[in-house]
Amino acid sequence: MPPLTIAKSILSRPWVQRVMRPMADKYADLAGYRKLGLVADDLIAEENDIVQEALKRLPPKVAYDRMFRMRRAVQCSIAHSLLPKEEQTTPEQDIGYLSPYIAEIENEIAERNELDSLTKRK
């Protein structure tokens, strides 16, 4: 079963969500990116045309905050240290800022492909 199908089946059942939520929170905590001040969308690989376009569409403040988090995380990595507890990202702050733009661009591409494939009826 593909991961996307698993995610959709979990999200469609509230009782499964209640069971999986503590495990998902623990996994995100163990991943360690929050201890460096990053959010989940900071981990999305940039080597994709869709992600590059999404980054261009970010508002200036959001783009600046992203670069600040990335540079601070690199400095922590170089120094082999973690941020102080008060500067670490909390689960409430770990909100996707790039994913909506990526979904919007993917929908635009799908719509463009659909319109390009239309044929004229005889």
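The values are calculated or read from the model by the stated rules, or taken from the named source; none is laboratory data. Here the structure is a predicted model, which means the values were calculated and not measured. Every residue, glycine as well, gets a Cβ built from its backbone with ideal geometry; the counts of neighbours run over all protein chains shown. Keep in mind that these areas ignore ligands, DNA and RNA; they rest on the heavy atoms of the full protein, side chains included. Shrake-Rupley method; radii C 1.70, N 1.55, O 1.52, S 1.80 Å.
Hey, does the range 10-20 have a residue that's over 27 Å from His80 (Cα atoms) and of a type in the set (Ser, Thr, Tyr)?
First, pick out the residues of the range 10-20 that are over 27 Å from His80 (Cα atoms): 10-20.
Next, from what is left, pick out any that are of a type in the set (Ser, Thr, Tyr): 12.
Within the range 10-20, one or more residues are over 27 Å from His80 (Cα atoms) and of a type in the set (Ser, Thr, Tyr).
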- Task: Pairs only if they're at least six apart or on different chains, beta carbon under 7 angstrom, first in the range 62-75 and free of Cβ contacts under 8 Å to residues at least 40 places away in the same chain, second open to solvent by less than 80 Å² (accessible area, probe 1.4 Å) and of a type in the set (Ser, Thr, Tyr); list them, first residue then second.
- Result: Val62/Tyr97
- Task: Evaluate the following for Tyr101: is it over 21 Å from Ala28 (Cα atoms), over 14 Å from the mean Cα position of the chain (by Cα) and among the hydroxyl-bearing types (Ser, Thr, Tyr)?
- Result: no
- Message: Cβ-Cβ distance below 7 Å, separation of 6 or more or different chains: which pairs start in the range 36-56 with a residue that is in contact (Cβ under 8 Å) with a residue 12 or more places away in the chain and end on one that is among the acidic types (Asp, Glu) and not in a helix (DSSP H, G or I)?
- Response: Val39/Asp94; Ala40/Asp94; Leu55/Glu46
- Tally the residues that are farther than 21 Å from Val51 by Cα and not hydrophobic (A, V, I, L, M, F, W, C), restricting the search to the range 83-113. 10
